[in-house]
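Peer 1: So that we are looking at the same thing, I have put the structure below in structure tokens.
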Amino acid sequence: MERIRQQIDSIVRFLEPNMGFINCHMVDYLTEQHWKQYVPKAIRGELETCEDYLQAKEVFWGQFNQTQSYHKHLPGVTEFITAASRYRLGGSEVQDTALSLEQFKEALTSCRKETRLKMTELMNVKKCHEVEIAAAVVASLCTAMASSLTEGTLEDVVVIDAGDGKGYLSSRIALEHGIKVLGIDCNEENTSNAEKRRDRLKKKIPKAVKKSQLEEDEHFRKLDSLYKTTTQLIDFDSNLIELASAHFPGGHRSTFCLCGLHTCGNLGPNCLRLFHQNPTIKGICNVGCCYHLMQEEFIVDEFYNPTKVSDNPGYGFPMSSYLRARRFALGRNARNLAAESIERACANRENPSDKLGHRALLQVIFVECGEKRSHQVGRLKSDGFVDYVRKSVRRLGLAERVTITDESLLELEARFQVELEQLKVFYLIRQQFAPVVETLILLDRLLYLRESGYERSFLVKLFEPVVSPRCYSLIAMKY
């Protein structure tokens, strides 16, 4: 536990001087001169022309490519990337905290379950990758829980899938491993879609068994009885024993494993709290996502929408007593940034959207027209800068106050051509903080579990980050 606190301290020391940079609004890039305000002087001195910006992009995109050498005349850019990488999970400042999937499997050797069925139907490549791995991990965890029961077997364990969605993970756990799963979702439409998908999935099973060259297990034919769904809100007052008995009559179900694949916003932290507060939940496997939808305890979010978190109240950050005692806050833009995937961006050589530049230019127009600076345009489809401005102004109801000709708009875009290319590099520089902020969020959750007395709690890298960017899971047992 002390080592986790030290790692948190190290990350906080790195982040705190850069919080203005991390939380800056890209819409203010031009009007607030973000390049001069936030970019380290060493980098500004190296990047002065469009050619420099293009070469800087190559350095950022190539940071995970061991065969690609950095541009020697951009040492400031290279050092910045190296410095930030030290504070990511696996970096020199955060070593040996997250287990690899193989390390976790080795720790559960006697209870280890593997994926046997090859079923790519009804899922995209990303979801298939996640479900095959997560289902085996949850099944291994349930097997370990069952082995610790003084009286009982795997037959007595029920998996609760919080935020079941379309039932991708829950149906696979039931089908592949013969474990009872109750998928709970607060959205009736999600539950209906999960049930429809289950009915379609049953028709695919015989073909998948044959393709996987497996002998047919009895539970391959019992998907209906092993996987149940319900629409309701699971909270700290939920009686899981009654709930399980209603859906799985016969037998006394009193041992639960709580799982969640990409639990959104506050749902992830609340699942960890539920694990701690409910004595019948003996194990948890939780992969969080959508950090921007978390509510923070020590900061007010000006764009906070309570309707989006009404089903999961409370605070999502910080969780640990350690950071709460420091009243530490991240900020909405920092949480937004934490949800970005630096690995995927580099693998796909992703160029920041032109609309970032369009919105920054629109802000210049707003300032010149005397408009307030807190307009939130949101996402919209547009064909070029002129079309973007016209649609944004109409959406905001400013057509009468913001008047400018198409010719003037094109002149404005041409005048800021170099700055717009510079903005894309600024975005990539700022993106280096993304995995650092996510690391802090995950360490805070792990520390909460350790503070709560669960020494058998771990961060495990389940997925390939290019395929599934939110790739880390919190896994814990009460035995």
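Peer 1: With a 10 Å radius around each residue's Cβ, average the other Cβ atoms per peptide and rank 452-459, 120-127, highest first.
Peer 2: 452-459, 120-127
Peer 1: Further, regarding this structure: Place +1 on the Cβ of every Lys and Arg and -1 on the Cβ of every Asp and Glu in the chain, take the dipole about the Cα centre, and give the residue among Val393, Leu274, Ala42 whose Cα lies farthest towards its positive end.
Peer 2: My answer, from the dipole projection, is Leu274.
Peer 1: Where the accessible area of the chain is counted over protein heavy atoms with a 1.4 Å probe, how much of it, in %, is carbon and sulfur?
Peer 2: On the chain, the fraction of accessible area on carbon and sulfur atoms equals 47 percent.
Peer 1: I would also like to ask the following. Positive end of the dipole of region 347-452, charges at C-beta (+1 Lys, Arg; -1 Asp, Glu), about the Cα centre: which of Ala360, Ser452, Val377 has its Cα farthest in that direction?
Peer 2: Most positive-ward Cα: Ser452.
Peer 1: Moving on to the next point. Do you know the Lys pair count in region 1-126 for C-alpha distances under 27 Å, with sequence separation 8 or more or different chains?
Peer 2: Lysine pair count for region 1-126: 11.
Peer 1: Multiply the residue separation of Lys118 and Ser408 by 0.36 nm, subtract the distance between their alpha-carbon atoms, and state the gained length in nm to one decimal.
Peer 2: 98.6 nm
Peer 1: Follow-up question, since we're still on this one. Taking every pair of alpha-carbon atoms in region 116-197, give the share separated by more than 23 Å as a whole percent.
Peer 2: Value for region 116-197: 23 percent of Cα pairs lie more than 23 Å apart.
Peer 1: Share of antiparallel DSSP beta bridges in the chain, in percent to the nearest 5?
Peer 2: For the chain, the DSSP antiparallel bridge percentage is about 25.
Peer 1: Also, I was wondering about something else. Once both axes come from the Cα atoms, what is the angle between helix 50-61 and the longest principal axis of the chain, in degrees from 0 to 90, rounded to 10?
Peer 2: That helix lies at roughly 10 degrees to the long axis.
Peer 1: Note down the accessible area of Met477, probe 1.4 Å, to the nearest 10 Å².
Peer 2: 10
Peer 1: So, one more: Which log10 I(q)/I(0) values does region 362-479 give at q = 0.12 Å⁻¹ under the Debye formula, counting every alpha carbon as one identical point scatterer?
Peer 2: Debye intensities relative to I(0), on a log10 scale: -0.69.
Peer 1: Can you sort Asp28, Asp156 by 1.4 Å-probe accessible area, starting with the largest?
Peer 2: So, going from the largest accessible area down, we get Asp156, Asp28.
Peer 1: Only Cα pairs under 8 Å and at least 6 apart count here; give the relative contact order of the chain as a rounded whole percent.
Peer 2: Contact order relative to length: 20 percent.
Peer 1: Okay, next question. To the nearest 10 degrees, how steeply does helix 267-277 sit against the main Cα axis of the chain, on a 0 to 90 scale?
Peer 2: Rounded to the nearest ten degrees, it is 40.
Peer 1: Obtain the radius of gyration and the Kirkwood radius of region 179-311 from its C-alpha atoms and give Rg over Rh.
Peer 2: 1.03
Peer 1: Next question, about the same structure. Can you compute log10 of I(q)/I(0) for region 186-254 with the Debye formula, treating each Cα as one identical point scatterer, at q = 0.13, 0.25, 0.26 Å⁻¹?
Peer 2: -0.53, -1.12, -1.15
Peer 1: Per residue of region 329-342, in order, report the coupling 6.51 cos²θ - 1.76 cosθ + 1.60 (Karplus, θ = phi - 60°) as ³J(HN,Hα) in whole Hz, putting x for Gly and Pro.
Peer 2: 10, 9, x, 4, 5, 5, 5, 4, 5, 4, 7, 7, 10, 6
Peer 1: So for region 396-437, taking the charge dipole from beta-carbon charges (+1 Lys/Arg, -1 Asp/Glu), which of Val436, Ser408, Gln422 sits furthest toward the positive end?
Peer 2: Val436
Peer 1: Another question, if that's okay. Tell me, Kirkwood radius of region 1-115 from alpha-carbon pair distances, in Å?
Peer 2: 17.4
Peer 1: Here's another thing I want to ask about it. How much solvent-accessible surface does Ser148 expose, in Å² to the nearest 10, with a 1.4 Å probe and all protein chains in place?
Peer 2: 50
Peer 1: Any chance you could tell me what percent of the C-alpha pair distances in region 233-274 go past 17 Å?
Peer 2: Above the 17 Å cut-off, region 233-274 has 38 percent of its Cα pairs.
Peer 1: Based on alpha-carbon atoms only, what is the radius of gyration of the chain relative to the globular estimate 2.2 N^0.38 Å?
Peer 2: Computed over Cα atoms of the chain, the ratio equals 1.08.
Peer 1: Right, here's the next one. For region 378-440, with only Lys/Arg (+1) and Asp/Glu (-1) charged at the beta-carbon, what is the dipole magnitude about the Cα centre, in debye rounded to 20?
Peer 2: The calculated dipole for region 378-440 is roughly 360 debye.
Peer 1: Under the classification rounded if a/c is under 1.5, otherwise prolate if a/b is larger than b/c and oblate if not, where does region 312-378 fall, given a ≥ b ≥ c as square roots of the Cα gyration tensor eigenvalues?
Peer 2: Since a/c reaches 1.5 but b/c is at least a/b, the shape of region 312-378 is classed as oblate.
Peer 1: Heavy-atom accessible area per residue, the chain, 1.4 Å probe: how many Å²?
Peer 2: 45
Peer 1: Using the Karplus curve 6.51 cos²θ - 1.76 cosθ + 1.60 with θ = phi - 60°, work out ³J(HN,Hα) for each residue of region 181-189 in order, rounded to whole Hz, and write x for Gly and Pro.
Peer 2: Calculated HN-Hα couplings, in order: 9, 10, x, 10, 9, 7, 10, 4, 5 Hz.
Peer 1: If you don't mind, another one. What is the ratio of the Cα radius of gyration of region 74-228 to 2.2 N^0.38 Å, with N the residue count, to two decimals?
Peer 2: Normalised Rg, Cα atoms only: 1.28.
Peer 1: Once you keep just the Cα pairs under 8 angstrom separated by 6 or more residues, what percentage relative contact order results for region 184-332?
Peer 2: Value for region 184-332: 19 percent.
Peer 1: Then there's this: Calculate for the chain the 222 nm mean residue ellipticity that helices alone would give, adding -39,500 (n - 2.57) per DSSP H run of length 4 or more and normalising by residue count, nearest 500 deg cm²/dmol.
Peer 2: -14500 deg cm²/dmol
Peer 1: If you put +1 on each Lys and Arg Cβ and -1 on each Asp and Glu Cβ, how big is the dipole of the chain around its Cα centre, in Debye rounded to 20?
Peer 2: 780
Peer 1: In degrees from 0 to 90, rounded to the nearest 10, what is the angle of the helix 354-368 Cα long axis to the longest principal axis of the chain?
Peer 2: Computed tilt is about 50 degrees.
Peer 1: A further question follows. Only four residue types carry charge here, +1 at the Cβ of Lys and Arg and -1 at the Cβ of Asp and Glu. Report the dipole size of region 108-159 about the Cα centre in Debye, rounded to the nearest 20.
Peer 2: It comes to approximately 300 debye.
Peer 1: Also, quick follow-up: Let me make sure I get this right: for region 416-461, a, b and c are the square roots of the gyration tensor eigenvalues over alpha carbons, sorted descending. Under 1.5 in a/c it's rounded, otherwise prolate if a/b > b/c, else oblate. Which is it?
Peer 2: Prolate, since a/c reaches 1.5 and a/b exceeds b/c.
The values are calculated or read from the model by the stated rules, or taken from the named source; none is laboratory data. Predicted model only: the values in this text are computed from it and were never measured. Neighbour counts run over all protein chains shown; Cβ positions are idealised from the backbone, glycine included. Surface areas here come from the heavy atoms of the whole protein model, side chains and all, with no ligands, DNA or RNA. Shrake-Rupley method; radii C 1.70, N 1.55, O 1.52, S 1.80 Å.
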